[in-house]
């Protein structure tokens with residue numbers, strides 16, 4: 001714990017954390033005493049964990065990266081946090097993120113951007129950029145994020161670590177500050193497949209507090225073994241034009257490694273995949289418009305000081321002053337898509353495309369055990385390089401599919417691309433077949449050896 005906290009302080013310039021938890025060291029001392037007394041401790045006893053700041057933590061400031069939650073200290077913890085702590089893990093801090101999880105670069109935070117440990121001039125990805133940076137920098141071996149359209153997998157790719165989004169409903173969303181409820185899922189970032197498996201195993205399980213929680217979570221039996229006979233389908237629409245040369249090179253290396261490990265690799269078509277980004281950026285903002293309506297300055301969120309102006313004006317000003325540009329953009333987009341006269345043309349049509357994408361994937365899984373795409377079309381880009389929101393949105397073309405269909409997906413480190421920066425490959429599996437993803441990640445990790453997910457040192 002001392003090492004983790006010292007490394008977090010040394011890496012302050014990365015902007016990975018919004019809040020550190022000083023009580024973490026005392027909790028570690030307590031565990032030492034209990035172990036010395038012969039007590040049997042949990043499987044994660046003493047393991048430092050970083051938690052994305054849109055997951056509630058009892059008694060610890062939780063901001064969702066937004067000015068609107070300045071000073072908010074929740075009285076309870078998210079179920080996933082409670083389960084990690086029950087297994088002995090210790091939360092050392094709350095990590096930076098794009099405000100409310102809305103972004104793909106971690107530049108949309110009220111607390112400033114997070115930076116990529118492999119080169120601090122580049123973004124770490126988002127929205128779970130702080131969690132990815134904490135793991136990539138070797139501060140913690142595990143970190144929690146949330147994944148609404150790729151917000152765990154894309155930063156994992158940009159920082160060279162593992163990023164896992166389980167089947168929708170496998171992990172409780174109780175205690176997550178909601179962005180888009182039908183899409184988002186808690187995810188895990190790590191540098192080891194075994195660490196991923198251990199974290200998932202202690203967090204899986206039905207939660208009566210979450211109506212979307214599965215009664216029977218995925219069975220992780222079969223998460224180990226070689227890849228002999230495993231059928232991998234490379235998605236035609238996402239594995240060609242539009243990807244950088246470096247990413248295509250990493251894809252070719254991954255395909256060669258899969259074949260060497262005994263898997264068969266073929267090509268599969270998801271005809272509606274190119275429409276995934278457009279569908280996502282209607283469904284997600286529409287749900288955000290609804291979920292963020294509660295942040296009106298009337299109960300616990302930021303309130304403008306102009307009370308004499310009347311309730312409606314105070315609410316308008318409070319939201320305008322406390323939400324950043326990206327959050328305002330998505331709320332306005334979502335409200336428009338849900339408005340009378342436009343619902344069927346936009347939101348309703350996006351739901352139909354979502355169903356078509358899920359159907360494409362279901363058919364593909366009748367022929368293949370796993371689907372393969374790059375996690376992102378490029379490696380990380382420089383801070384402030386992409387001023388056009390649409391250019392940022394298009395970077396989610398690979399990852400949004402798993403969220404729209406509710407299937408599990410993992411980003412696996414795949415070496416480097418442009419500028420010597422990491423990139424990742426994404427594998428998707430049918431719903432509840434999360435073990436398949438751990439199996440392929442573990443096999444690729446064993447094949448890569450020490451070069452799989454090295455700790456970044458460029459930030460020191």
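Points worth noting:
- Hits in region 257-269 - residues which are surrounded by fewer than 24 Cβ atoms within 10 Å (Cβ to Cβ) and in contact (Cβ under 8 Å) with a residue 24 or more places away in the chain: 257, 260, 261, 262, 263, 264, 265, 266, 267, 268, 269
- Checking every residue in region 320-331 against the condition of being out of contact with any strand residue (DSSP E or B) (no Cβ under 7 Å at 6 or more places or on another chain), surrounded by fewer than 21 Cβ atoms within 10 Å (Cβ to Cβ) and closer than 22 Å to residue 405 by Cβ gives zero matches.
- Matching entry among 156, 132, 180 (being farther than 18 Å from residue 64 by Cβ and either touching a residue at least 40 places away in the same chain (Cβ under 8 Å) or not in a loop (DSSP other than H, G, I, E, B) (or both)): 156
- Taking helices (runs of 4 or more DSSP H) as the structural unit, those lying wholly within region 294-391 and holding at least 3 residues that are farther than 30 Å from residue 429 by Cβ and at pLDDT 95 or above correspond to 325-338.
- Residue 41 in a loop (DSSP other than H, G, I, E, B), in contact (Cβ under 8 Å) with a residue 24 or more places away in the chain and exposed (fewer than 15 other Cβ atoms within 10 Å of the Cβ): yes
- Selection within region 93-107 - farther than 12 Å from residue 144 by Cα and either at pLDDT below 95 or crowded, with 24+ Cβ neighbours inside 10 Å (or both): 98, 99, 100, 101, 102, 103, 104, 105, 106
- Filtered residue count, region 392-412, keeping only those that are in a loop (DSSP other than H, G, I, E, B) and either surrounded by 24 or more Cβ atoms within 10 Å (Cβ to Cβ) or at negative phi (or both): 5
- Residues in region 1-32 that are more than 22 Å from the chain's Cα centre (by Cα), farther than 29 Å from residue 75 by Cβ and buried (at least 18 other Cβ atoms within 10 Å of the Cβ): 7 only.
- Top-ranked residue in region 14-29 [being part of a helix (DSSP H, G or I), touching a helix residue (DSSP H, G or I) at 6+ places or on another chain (Cβ under 7 Å) and in contact (Cβ under 8 Å) with a residue 40 or more places away in the chain; ranked as nearest to residue 47 (Cα to Cα)]: 24
- Residue 266 meets each of the listed conditions (1) at pLDDT 95 or above; (2) out of contact with any helix residue (DSSP H, G or I) (no Cβ under 9 Å at 6 or more places or on another chain); (3) in a helix (DSSP H, G or I) apart from (3).
- Of residues in region 175-206 being within 30 Å of residue 330 (Cα to Cα) and out of contact with any strand residue (DSSP E or B) (no Cβ under 9 Å at 6 or more places or on another chain), the one surrounded by the most Cβ atoms within 10 Å (Cβ to Cβ): 180
- Residues satisfying the stated conditions in region 236-256, i.e. in contact with a helix residue (DSSP H, G or I) (Cβ under 7 Å, 6 or more places away or on another chain) and surrounded by 18 or more Cβ atoms within 10 Å (Cβ to Cβ): 237, 238, 239, 246
- The residues on offer are 438, 444, and the sole one that is within 17 Å of the chain's Cα centre (by Cα), at negative phi and assigned to a helix (DSSP H, G or I) is 438.
- Where a residue in region 442-460 is over 15 Å from residue 196 (Cβ atoms) and its partner, wherever it lies, is at pLDDT 90 or above and in a helix (DSSP H, G or I), with Cβ under 6 Å and at least six apart: 447/257; 456/136; 459/14
- Here residue 126 qualifies as free of Cβ contacts under 8 Å to residues at least 40 places away in the same chain and either buried (at least 24 other Cβ atoms within 10 Å of the Cβ) or farther than 23 Å from residue 450 by Cβ (or both).
- Check on residue 35, surrounded by 11 or more Cβ atoms within 10 Å (Cβ to Cβ) and without any contact (Cβ under 8 Å) to a residue 24 or more places away in the chain: yes
- Residue in region 57-67 that is touching a residue at least 12 places away in the same chain (Cβ under 8 Å), farther than 21 Å from residue 134 by Cβ and either assigned to a strand (DSSP E or B) or in contact with a helix residue (DSSP H, G or I) (Cβ under 6 Å, 6 or more places away or on another chain) (or both) present: yes
The values are calculated or read from the model by the stated rules, or taken from the named source; none is laboratory data. Because the structure is a prediction, the values reported are computed rather than measured. Note: ideal-geometry Cβ built from the backbone for every residue, glycine included; neighbour counts use all protein chains shown.
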